Amino acid sequence: MNPGFVEAYFNRGLAYVQVGEYEKAIYDFTEVIRINPRYPEAFNNRGKAYYSEGQYDKAISDYTKAIEINQTRNLP
């Protein structure tokens, strides 16, 4: 998959969050995660969208996944 797709989905997801289109943002961040499941920023931002929709369990799960990915990146 072309890495440009990841960036395009990610940036469009950010834009959707800014205008309050959380379902569309969730879709785009999910596509980023499908393409690159080790992209913590996608989990973090999808978590923000879930949080904004009141889906707190999903938000917590995504925030936790982002933390886990970041912790494994920082291992020696």
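Touching a residue at least 12 places away in the same chain (Cβ under 8 Å), of a type in the set (Asp, Glu) and farther than 24 Å from Thr72 by Cα: does that describe Glu23? It would help to see each step written out before you state the result.
Values: touching a residue at least 12 places away in the same chain (Cβ under 8 Å): yes; of a type in the set (Asp, Glu): yes; farther than 24 Å from Thr72 by Cα: yes.
The answer is yes for Glu23.
Out of Asn36, Asn45, which single residue is under 18 Å from Asn70 (Cα atoms) and out of contact with any Leu (no Cβ under 7 Å at 6 or more places or on another chain)?
Values: Asn45 fails: out of contact with any Leu (no Cβ under 7 Å at 6 or more places or on another chain).
One residue alone meets the criteria, Asn36.
Computed from the coordinates by the stated procedures, all read-outs in this text should not be read as laboratory data. This structure is a prediction, so every number in the text was calculated from the model and none was measured. Cβ coordinates were reconstructed from backbone atoms using ideal geometry, including for glycine residues, and neighbour counts include every protein chain displayed.
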